[in-house]
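See below for the structure under consideration.
The values are calculated or read from the model by the stated rules, or taken from the named source; none is laboratory data. The model shown is predicted, which means the values in this text are computed figures rather than measured ones. Cβ: placed from backbone, ideal geometry, glycine included. Neighbour counts: every protein chain shown. Note: accessible area is taken over every heavy atom of the protein model, side chains too, but ligands, DNA and RNA are not part of it. Shrake-Rupley method; radii C 1.70, N 1.55, O 1.52, S 1.80 Å.
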Amino acid sequence: MFLPERYEFYCPVKINSGNRALDHLPFELDTLNAKKPFVITGKNSVERGLVDIIIDAFKDSGLTIGIFDGTPSSPDLKLIRELFHTYRDRGYDAIIALGGGPVTDTAKVLNIAVSGEPEDLEQCAGDGLIKKPLKPFFFIPTLSGSGYETSRYAFFEGRAYASRFLMPDIAVIDPRMTVAEDAKTTAVISLAALTHAAEAYVSTGRSPLTDSYAYPAIQFVMENLLNVIKNPQDKKGGLALANAHCLAGCAFSNIEAGIAHKLGKVIGDAGHIPHGICMGILLPHVLETQLSEDNYHISDLLLPLAGFDKYAETGADLRGERAIGILYNFQRDLFAAGGGAIARTLRDAEVPKEILQDLAKKAFGYGSGCVDMEGYLKILEQAWEGR
Amino acid sequence: MDLPGYYEFCCRVKIIAGHDALEKIPDALANLRAGRPMIVTDKGVSGAGLINIVADAIKGGITIGAIADDVPPDSDLRVVNRLARVYREKGCDSLIAVGGGSVIDTAKGINIVVSEQADDLMKFSGGHVLKRALKPLIAIPTTAGTGSEVTLAAVIKDHEKHLKMLFVSYFLLPDVSIVDSRMTLTLPPAITAATGMDALSHAVEAYTGLEKNPLSDAHALAAINLIGENLVEATKNPQDKEGRLAMASAATLAGIAFSNSMVGMVHTLGHSIGSVCGVPHGVGMAILLPYGLEYNTHKISRVLAELLLPLAGAEVYARTPKDQRAENVIALIRRMNQELHEVTGGRHPRYFKEVVDRDGVQMVPKEKLPDVAKTALSDGTVFYNPEDLDYDDFLMVLEAAWEGKPLDKKRIKKG
């Protein structure tokens, strides 16, 4: 087994997953000495009836909760200031993010503010600039979001925050909250999880501990995403995907971002397709490039991708190729199952071919150390064309 | 991958591992806003020169507030209170526990006293009574076995009141665990063997137990893989740093796995034979592991069969017929015990009749086995075993494990 000469790993996120997990929320709050949580969510969760389930979980607890259900898709600092005052004035002592993406980013940034002062938001932008633990912070996944929710990252109004203190204390994964909305939303979050986990497996920051989070994340996506897309009511599948979502974010926080992640971000930021879908398109192409450069970790990916039997029966020198082949097939199957909504190629996703050069330049600008601009361009061209 | 109806998993311990991981302690303490630690350890650890290694590695970065190297094997409340006074007198702001379970538990007890200004530790015993972070605690395991560097419990005895206080809280998890190959380089072969098998028993019981979950599974698989590839070699070549780091990593991974699932009858009987006959924990685990798996086989064969892959590798797994994999895992574990027996010159016992103390006196007289079986009935872990056991079942397993004979399959319950 791969064991680096030195490694570090940190994941403060407690996972509570399964039937009626939300009902333990009052107890979990108590273990962190919190009694009055402030729930941050968006209209979508109200419409789906998810907020009622949370209210129900607190019904007999004797605790008071506050709910803000108006998180917009592009929240701003004005909102944080308002929420800051609400939090202080009403005496809240913990934050619960219900749902991913902007909801979680808002909750994380609000937590920086209420744990200190709103002015901290400027000083704390960057990596490692938050110096002490924040207020208790819970995350409740709803099978939508960016894939960063359990990670050490928050993105807000053009600022990036990175700190271990931004990782949730607890992720409460309840099957009542993780029923799929639509194929694309589910795919965005699941492919983000798959890519983050797979890139953790092949990254220089890899250790048995990153493997331990990435392995179940990859398996859950491979075993459940197609089923959930075909049958959004598949409760067990939804729960498994939400697990993958949370675990991949934890692994991702312990590695350097990989190439598929970075290129995906460049394309996503250019406004063409969601980051998760981009990463899903790019992943096998990136791995193929890395395999040709003798990245020996890729053959280990076959185990979570294909399971014990297929891994063992495949000769060691063929495992890498087979892993990549499985990912290409997965793209094809997802495209079919989603009725074309889940793009297999950048062409499917209607990314104009003439901007690839620009995208490669931008990705190179972020720096990665191991790929030059031509390398990026080659990956993008392959991902545009498809295999 | 199996996803249980409900599970919880939590390991908030930062793991820092490597051949020079100790050198990261000053930074780790600074991140925790501390810089004047009290080192807590026992005579065995300091006598082996390990505290010198730790002190050398960190003294450039920080001031050591105090070194207490006299935690007795049977530590208790009096020790905790005495060392808490030292902590305060010397103006310490954090704790570094270097050693095994007893040392780490003592440090946890000290931490409750100094963080909560507790004059009565009893007030904090029980589950999740602590409500806030304690002083920074760094754990440095020295045995590659117990996994106590990643557990959230502590047991402190009160010898005067004849009490055993149990503390369970996420705030008792060490903030950081340092896994450094130098801490186990001088372990004698027989202890390397026993502690390694202890770690294997944690991982295997976690993977085959009733409370398994995706994260405990993944940590267990990694641990088993590292042990399968390294334990016999590390026992043969004690100076091999890579093997030592692999085994120390495996022990931590196995500790994370079993403290987030549960363990079964191997631990039930291991605890009991430890308390009745004084058999060291790791030795008991090593002997009992194949018997526990044999007893439970009909309940766990699917997941047990999977373990052939991490334990023996892809080739062996692929060429072993599916329906023979589970029994092959058991056979392989027996073979590991046999090999360890050989490479330690017979010091690693395979059966209970072979367990001797320092003076060569047999530690488990056969007539004590009924006592052990009786004690086992009241051990909490029995509820998490896949198959039920009563007194006769325990005794049957103990007798077989004493003699070194496989279990009589006809006598195993099929509940």
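Can you confirm whether A:HIS285 is in contact with a helix residue (DSSP H, G or I) (Cβ under 9 Å, 6 or more places away or on another chain), part of a helix (DSSP H, G or I) and under 26 Å from B:ALA203 (Cα atoms)? Don't jump to the end; show me each part of the working.
Values: in contact with a helix residue (DSSP H, G or I) (Cβ under 9 Å, 6 or more places away or on another chain): yes; part of a helix (DSSP H, G or I): yes; under 26 Å from B:ALA203 (Cα atoms): no.
The answer is no for A:HIS285.
Quick check, is A:LEU241 at pLDDT 95 or above, under 29 Å from A:LEU359 (Cβ atoms), part of a helix (DSSP H, G or I) and more than 14 Å from chain B (Cβ to nearest Cβ)?
Numbers: at pLDDT 95 or above: yes; under 29 Å from A:LEU359 (Cβ atoms): yes; part of a helix (DSSP H, G or I): yes; more than 14 Å from chain B (Cβ to nearest Cβ): no.
So A:LEU241 does not fit the description; no.
Counting only residues that are among the β-branched types (Val, Ile, Thr) and open to solvent by less than 70 Å² (accessible area, probe 1.4 Å), give me the helices (runs of 4 or more DSSP H) lying completely in region A:302-387 with at least 1 of them. Please lay out each step first, then the result.
Details: elements: A:302-306, A:308-313, A:319-337, A:356-366, A:373-385.
Ranges flagged: A:319-337, A:373-385.
I'd like the residue in region A:277-301 that is among the hydroxyl-bearing types (Ser, Thr, Tyr) and without any contact (Cβ under 8 Å) to a residue 40 or more places away in the chain and, out of all such residues, is most open to solvent (accessible area, probe 1.4 Å).
Among those residues, the one meeting the criterion is A:TYR296.
Residues B:MET265, B:MET363: which one is under 26 Å from B:LEU395 (Cβ atoms) and either at pLDDT below 95 or in contact with a Ser or Thr (Cβ under 8 Å, 6 or more places away or on another chain) (or both)? So that I can check it myself, show each step before the final result.
Working: B:MET363 fails: either at pLDDT below 95 or in contact with a Ser or Thr (Cβ under 8 Å, 6 or more places away or on another chain) (or both).
Step by step, each of B:MET265, B:MET363 is checked, and only B:MET265 is under 26 Å from B:LEU395 (Cβ atoms) and either at pLDDT below 95 or in contact with a Ser or Thr (Cβ under 8 Å, 6 or more places away or on another chain) (or both).
Of the residues B:PRO349, B:PRO310, B:PRO370, which single one is at pLDDT 95 or above and not in a helix (DSSP H, G or I)?
Exactly one residue qualifies, and that residue is B:PRO349.
Considering only residues of region B:313-344 that are in contact (Cβ under 8 Å) with a residue 12 or more places away in the chain and assigned to a loop (DSSP other than H, G, I, E, B), which is nearest to the chain's Cα centre (by Cα)?
Looking at the filtered set, the residue picked out is B:THR344.
Within region B:79-198, considering only strands (runs of 3 or more DSSP E) that don't extend past its boundaries, which have at least 1 residues that are touching a helix residue (DSSP H, G or I) at 6+ places or on another chain (Cβ under 8 Å) and of a type in the set (Asp, Glu)? Before you say what the answer is, go through the steps one by one.
Numbers: elements: B:94-98, B:137-140, B:153-158, B:163-168, B:176-180.
The strands (runs of 3 or more DSSP E) meeting that bar are B:153-158, B:176-180.
Taking the criterion of being assigned to a loop (DSSP other than H, G, I, E, B), farther than 20 Å from A:GLN382 by Cα and open to solvent by less than 10 Å² (accessible area, probe 1.4 Å), would at least one residue in region A:207-218 satisfy it? Give the derivation first.
The initial filter retains those residues of region A:207-218 that are assigned to a loop (DSSP other than H, G, I, E, B), namely A:207.
Right, trim to farther than 20 Å from A:GLN382 by Cα and you get A:207.
This time we only want the ones that are open to solvent by less than 10 Å² (accessible area, probe 1.4 Å), so: A:207.
Within region A:207-218, one or more residues are assigned to a loop (DSSP other than H, G, I, E, B), farther than 20 Å from A:GLN382 by Cα and open to solvent by less than 10 Å² (accessible area, probe 1.4 Å).
Could we say that B:ARG244 is in a helix (DSSP H, G or I), in contact (Cβ under 8 Å) with a residue 40 or more places away in the chain and open to solvent by 10 Å² or more (accessible area, probe 1.4 Å) here?
On the way: in a helix (DSSP H, G or I): yes; in contact (Cβ under 8 Å) with a residue 40 or more places away in the chain: yes; open to solvent by 10 Å² or more (accessible area, probe 1.4 Å): no.
Here the answer is no, as B:ARG244 does not meet what is asked.
For region A:129-157, give me each residue that is more than 14 Å from every other protein chain (Cβ to nearest Cβ), more than 22 Å from A:THR178 (Cα to Cα), out of contact with any strand residue (DSSP E or B) (no Cβ under 8 Å at 6 or more places or on another chain) and open to solvent by 20 Å² or more (accessible area, probe 1.4 Å).
A:GLU157
Starting from residues that are of a type in the set (A, V, I, L, M) and open to solvent by less than 10 Å² (accessible area, probe 1.4 Å), keep the ones in region A:181-190 and report whichever is nearest to the chain's Cα centre (by Cα). Even if it seems obvious, please write down each step before you answer.
First pass over region A:181-190, keeping only residues of a type in the set (A, V, I, L, M): A:183, A:187-189.
The next check asks that each one be open to solvent by less than 10 Å² (accessible area, probe 1.4 Å); those that pass are A:187, A:189.
Values: A:ALA187: 12, A:ILE189: 6 Å.
It comes out as A:ILE189.
Got a sec? Which strands (runs of 3 or more DSSP E) wholly within region A:1-115 have at least 1 residues that are buried (at least 17 other Cβ atoms within 10 Å of the Cβ) and within 14 Å of chain B (Cβ to nearest Cβ)?
Numbers: elements: A:6-9, A:14-18, A:37-40, A:66-68, A:94-98.
In region A:1-115, A:6-9, A:14-18, A:94-98 are the strands (runs of 3 or more DSSP E) which contain 1 or more residues that are buried (at least 17 other Cβ atoms within 10 Å of the Cβ) and within 14 Å of chain B (Cβ to nearest Cβ).
So which residues in region B:295-313 are open to solvent by 20 Å² or more (accessible area, probe 1.4 Å) and not polar (S, T, N, Q), if there are any at all?
The initial filter retains those residues of region B:295-313 that are open to solvent by 20 Å² or more (accessible area, probe 1.4 Å), namely B:297-299, B:301-302, B:306, B:312-313.
Matches in region B:295-313: B:HIS298, B:LYS299, B:ARG302, B:GLU306, B:ALA312, B:GLY313.
Only one residue in A:ILE229, A:ILE267, A:ILE255 is part of a helix (DSSP H, G or I), under 26 Å from A:PHE308 (Cα atoms), of a type in the set (Val, Ile, Thr) and more than 14 Å from chain B (Cβ to nearest Cβ), so which one is that? Outline the logic, then answer.
Values: A:ILE267 fails: under 26 Å from A:PHE308 (Cα atoms); A:ILE255 fails: part of a helix (DSSP H, G or I).
Result of the check over A:ILE229, A:ILE267, A:ILE255: A:ILE229.
Check whether at least one residue in region B:112-129 is open to solvent by 30 Å² or more (accessible area, probe 1.4 Å), touching a strand residue (DSSP E or B) at 6+ places or on another chain (Cβ under 9 Å) and acidic (Asp, Glu), and report yes or no.
No, the conditions are met nowhere in region B:112-129.
Among the residues of region B:100-141, which ones are of a type outside the set (A, V, I, L, M, F, W, C) and within 23 Å of B:GLY282 (Cα to Cα)?
First, pick out the residues of region B:100-141 that are of a type outside the set (A, V, I, L, M, F, W, C): B:100-102, B:105-106, B:108-109, B:111, B:115-117, B:119-120, B:123, B:125-128, B:131-132, B:135-136, B:141.
Matches in region B:100-141: B:GLY100, B:GLY101, B:SER102, B:ASP105, B:THR106, B:LYS108, B:PRO141.
Report the residue count in region B:1-53 for those that are open to solvent by 30 Å² or more (accessible area, probe 1.4 Å), in a loop (DSSP other than H, G, I, E, B) and within 21 Å of A:ARG164 (Cα to Cα).
Summing the residues that are open to solvent by 30 Å² or more (accessible area, probe 1.4 Å), in a loop (DSSP other than H, G, I, E, B) and within 21 Å of A:ARG164 (Cα to Cα) in region B:1-53 gives 3.
Give just the number: which of (1) hydroxyl-bearing (Ser, Thr, Tyr); (2) farther than 13 Å from B:GLY270 by Cα; (3) surrounded by 18 or more Cβ atoms within 10 Å (Cβ to Cβ) does B:THR381 not satisfy?
Tallying (1) hydroxyl-bearing (Ser, Thr, Tyr); (2) farther than 13 Å from B:GLY270 by Cα; (3) surrounded by 18 or more Cβ atoms within 10 Å (Cβ to Cβ), B:THR381 fails exactly one: (2).
Name, by its number, the condition in (1) at the interface with chain A (Cβ under 9 Å from one of its Cβ atoms); (2) touching a strand residue (DSSP E or B) at 6+ places or on another chain (Cβ under 8 Å); (3) under 20 Å from B:ILE16 (Cβ atoms) that does not hold for B:ASN213.
(3)
Pick from region A:166-224 the residues that are away from every other protein chain (no Cβ under 11 Å) and of a type in the set (D, E, K, R): which of them is nearest to A:PRO284 (Cα to Cα)?
A:GLU199
The conditions are (1) open to solvent by 30 Å² or more (accessible area, probe 1.4 Å); (2) free of Cβ contacts under 8 Å to residues at least 40 places away in the same chain; (3) closer than 29 Å to B:THR192 by Cα, and B:ASP74 fails exactly one of them. Which is it?
Condition (2) is where B:ASP74 drops out.
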